[in-house]
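Notes follow once the structure below has been shown.
The values are calculated or read from the model by the stated rules, or taken from the named source; none is laboratory data. Just so it is clear, the model here is predicted, and its values are computed rather than measured. With ideal geometry, Cβ positions are generated from the backbone for all residues, glycine too; neighbour counts draw on all protein chains shown. These accessible areas exclude ligands, DNA and RNA; they are computed on the full protein's heavy atoms, side chains included. Shrake-Rupley method; radii C 1.70, N 1.55, O 1.52, S 1.80 Å.
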There are 2 protein chains.
Amino acid sequence: MNCIVGQSGGPTSVINSSLSGVITAAIKNNFNSVYATLNGIEGVISDNIVEIDKEKFLELDVKNQLKKRPSSILGSCRFKLPSDLKDEVYETIFKRFREYKITSFIYIGGNDSMDTVMKLNQYMEQNNIDGINIVGVPKTIDNDLCEIDHSPGFASAAKYVLNTLKTIKMDIDIYDLKSVTFVEIMGRNAGWLAASSLLINSDEKEAVDLIYLGEMNITKEQILSEIKREVDIKGSIIVVVSEGFMDSEKYFENQTKVVFDSGFNHPVLSGIAQKLSDYTKDRLGIKTRAIEFSIVQRTSNIISKTDSEEAFELGYRGLELSISNTNIIPILKRKNTDEYNIEYTHIPSFEIANKERKIPEDWFESYKKLQNNIKKYVSPLIVGEVDHTYDNGILRFIDLKDFIKK
Amino acid sequence: MNCIVGQSGGPTSVINSSLSGVITAAIKNNFNSVYATLNGIEGVISDNIVEIDKEKFLELDVKNQLKKRPSSILGSCRFKLPSDLKDEVYETIFKRFREYKITSFIYIGGNDSMDTVMKLNQYMEQNNIDGINIVGVPKTIDNDLCEIDHSPGFASAAKYVLNTLKTIKMDIDIYDLKSVTFVEIMGRNAGWLAASSLLINSDEKEAVDLIYLGEMNITKEQILSEIKREVDIKGSIIVVVSEGFMDSEKYFENQTKVVFDSGFNHPVLSGIAQKLSDYTKDRLGIKTRAIEFSIVQRTSNIISKTDSEEAFELGYRGLELSISNTNIIPILKRKNTDEYNIEYTHIPSFEIANKERKIPEDWFESYKKLQNNIKKYVSPLIVGEVDHTYDNGILRFIDLKDFIKK
């Protein structure tokens, strides 16, 4: 048995934990050769493939080194396979698999990447190809995958977001003046990551004063009046905005085009936080600031140990499932117990591919309900820290070339 | 003897280490009452003053808790005392000092705050006030204080900046496409903090491909040609820009006004990174992105232990100096030895107040020289980590109310 593993879509802080799980399971299950494709499915197409050095992997404790190493160590791609299964790219991919005598292909990715898993399986079925199983392993900081209780990568990003907001709060509070700080958080159309910031609110003290998510329906005038109300009470406030948020009249959608007044006219897509900041400053005359966590939130040095271990376990199970199954994705389900308790199971790839899960509508009945539900849901996921190694103050990470064959 | 301590200007990750040093020294030197003014000199004026509970300070190990707690725990202000020493605010301040029987006032701050120390001392001299000594303790992430080898707070911010850039590099490298990521870093007119990012470059691998600092003289066309050259060789690159950078023709200065095309016309001050990003995208047609570390870089969870200990020591010495000296500031000098070696001394406040130190001109003779000098200068300052305490994944910090008298 030979296997090949790839990473696809946006990076997370624990996507290499899943890779670690895949390789660890492959070694444990006596796979002959363990290959990795660079830049996802593109590496299969272009033969950009490396072989893991199993001895070095064990010798250098790469299993645990990978758990500390954020961002996709194998590189990534955003390549979507064509809908037409007769496209020659499919022929190329399976020719490559035969060349390397691949019996298992494990693809770590989000809902777009699971589309790749699904299509390759459809092609296999249509062409009666056997001897190879293709399995997905889920990941995304957006937490928008269906069926799975939560997505690996989400909790570490949430942990970064909420702890960074905690220190931002400690910063803006030092001045005795009125101000509004808008913080824009990733998550595409789903508000999970932005909503996780509510974990730093307590009954006595609110750090996140207002929150606007893509799931909400609210006008710019309502926003303005909420901001005014909070500033009047508290002075300086923090407003968390999910990147997918838009006011109900789509006023800010028309604000995406900014034109430089002294030359090259071209549209600039500025973030929703900046737009809300400009609008608020303009209308209320208060000092405002917009902060975008940008890509830092998905590959930060803050890693949840719970998240890291679950990501590893899903990778491990993905490989083991691939020995006798295809077209499935290992997932985690939360048991209905007081203590946080996870069980692992799996589902067909079509249940995740191209689908998107948002925060349930009924969580929005009140701010209190949203906050309580989010706290209950996210709190156990961020528990535990992954310690980093510093060399003279600079983070040290394992390098791919340390554990592949030359 | 009674003392009072205050914090002023922008926060840093170790400004509370200096506070810890001041209070620890005050207890050790048997001060009767140890007071703290909230929001800097403004708290003295408005009588917003608290008393440190010395028993609780010792009991709860606040000495070490403060070393982990970023951002000014006493609050801050940006209040500049009037030049006219006859202004009644001076009368108010010294009336307050007499009320609290203050014999030492320690003010932790940057070059603007040291102006406060200087002016209060000038007032004392003019009015023959004695029985109180007023001393400054330096801090700033900008590292723009004169006379001192480096400013407390700078190294922790540098450590955050360079380690975050290291993970950003790991993120942008995963896609096989041409892109330019502009990262804007604080530092006001001085390029120290931005230049520290060069520590992650090694002979084999550059993570920071180009860097533009306020100290540099370069046109927009030169920038464009440098970017083109690097992108052609490397594909995706990182360009670090200091917030104080401006092209030599000041072209981007005229780009500060952006006008929303569908409504409220008002000027928006966007950062230099965003402007360079827009310009590059427009002119070269490459994918670009601008990231601003914003205020996160000055109060992050990444703290240099070396920085923290030096900040503590300066606070400690500040208080001890105030017992028999006034109008001075403790500083650190680097000994000219192979190993990093610091000695503590002090200077009159006018040597720091309102002055600004930039990177020496001769460091810019070549990129290599700048990189080597910065590495030699910054490397020893970022050594060592301060470990944080998490409660179920959320950072725990000491609260002011835990160690002040009710």
Query raised in the report: Looking at (1) more than 27 Å from A:Asn111 (Cβ to Cβ); (2) within 14 Å of chain B (Cβ to nearest Cβ), can you tell me which one A:Thr37 breaks?
Result: (1)
Query - Residue tally, condition at negative phi and at the interface with chain B (Cβ under 8 Å from one of its Cβ atoms), over the range A:75-99 - result: 3
Query raised in the report: How do the strands (runs of 3 or more DSSP E) wholly within the range A:323-406 filter down when requiring 3 or more residues that are over 30 Å from A:Leu38 (Cβ atoms) and more than 14 Å from chain B (Cβ to nearest Cβ): which remain?
Result: A:342-348
Query raised in the report: In the range B:353-366, is there at least one residue being closer than 29 Å to A:Asn392 by Cβ, aromatic (Phe, Trp, Tyr) and in contact (Cβ under 8 Å) with a residue 40 or more places away in the chain?
Result: yes
Report summary line: Among B:Lys228, B:Lys205, B:Lys234, B:Lys178, the single one that is open to solvent by 30 Å² or more (accessible area, probe 1.4 Å) and within 11 Å of chain A (Cβ to nearest Cβ) is B:Lys205
Query - Pairs where the first residue, in the range A:295-318, is in contact (Cβ under 8 Å) with a residue 40 or more places away in the chain and more than 10 Å from chain B (Cβ to nearest Cβ) and the second is open to solvent by 10 Å² or more (accessible area, probe 1.4 Å) and assigned to a helix (DSSP H, G or I), C-beta under 7 Å, 6+ apart - result: A:Gln297/A:Tyr160; A:Ser308/A:Lys67; A:Phe312/A:Lys67; A:Tyr316/A:Thr24
Report task. State which residue pairs qualify: first residue farther than 10 Å from B:Val183 by Cα and inside the range B:271-284, second residue of a type in the set (Lys, Arg) and at pLDDT 95 or above in any location, beta carbons under 8 Å apart, and separation of 6 or more residues or different chains. Result -> B:Tyr279/B:Lys220; B:Leu284/B:Lys228
Query raised in the report: Just a yes or no: is a residue in the range B:166-180 basic (Lys, Arg) and more than 25 Å from the chain's Cα centre (by Cα)?
Result: yes
Query raised in the report: Quick one: would you say A:Ile352 is at pLDDT below 95, closer than 24 Å to A:Asn16 by Cα and touching a Leu at 6+ places or on another chain (Cβ under 9 Å)?
Result: yes
**Report entry** Check on A:Lys376, free of Cβ contacts under 8 Å to residues at least 24 places away in the same chain, surrounded by fewer than 21 Cβ atoms within 10 Å (Cβ to Cβ) and at negative phi
**Finding:** yes
Requested in this report: Evaluate the range A:180-189: report whether one residue or more is over 24 Å from A:Asp142 (Cα atoms), at pLDDT 95 or above and touching a strand residue (DSSP E or B) at 6+ places or on another chain (Cβ under 7 Å).
Outcome: yes
Report task. Residues being open to solvent by less than 10 Å² (accessible area, probe 1.4 Å) and touching a helix residue (DSSP H, G or I) at 6+ places or on another chain (Cβ under 6 Å): count how many of those fall in the range B:183-192. Result -> 2
Report task. Provide a single number: the residues in the range A:193-202 that are facing chain B (nearest Cβ under 9 Å) and crowded, with 24+ Cβ neighbours inside 10 Å. Result -> 1
Report task. Restrict the check to the range B:137-159 and report whether at least one residue is acidic (Asp, Glu), without any contact (Cβ under 8 Å) to a residue 40 or more places away in the chain and away from every other protein chain (no Cβ under 14 Å). Result -> no
Query - Count - residues of the range A:379-398 that are open to solvent by 30 Å² or more (accessible area, probe 1.4 Å), without any contact (Cβ under 8 Å) to a residue 40 or more places away in the chain and in contact with a helix residue (DSSP H, G or I) (Cβ under 8 Å, 6 or more places away or on another chain) - result: 2
**Report entry** Positions within the range B:254-277 being under 25 Å from the mean Cα position of the chain (by Cα), surrounded by fewer than 21 Cβ atoms within 10 Å (Cβ to Cβ) and either at pLDDT 70 or above or more than 13 Å from chain A (Cβ to nearest Cβ) (or both), in sequence order
**Finding:** B:Gly271
Query raised in the report: Is it the case that some residue within the range B:120-128 is of a type in the set (D, E, K, R), at negative phi and in contact with a Phe, Trp or Tyr (Cβ under 8 Å, 6 or more places away or on another chain)?
Result: no
Query raised in the report: charged (D, E, K, R), surrounded by fewer than 24 Cβ atoms within 10 Å (Cβ to Cβ) and either touching a Pro at 6+ places or on another chain (Cβ under 7 Å) or at pLDDT 95 or above (or both), is that true of A:Asp307?
Result: no
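For (1) open to solvent by less than 60 Å² (accessible area, probe 1.4 Å); (2) more than 20 Å from the chain's Cα centre (by Cα), each residue gets a yes or a no:
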{"position": "A:Thr288", "(1), (2)": "yes, yes"}
{"position": "A:Thr326", "(1), (2)": "yes, yes"}
{"position": "A:Arg334", "(1), (2)": "no, no"}
{"position": "A:Glu343", "(1), (2)": "no, yes"}
Query raised in the report: Checking A:Ile45 against (1) away from chain B (no Cβ under 14 Å); (2) more than 30 Å from A:Tyr160 (Cα to Cα), which test does it fail?
Result: (1)
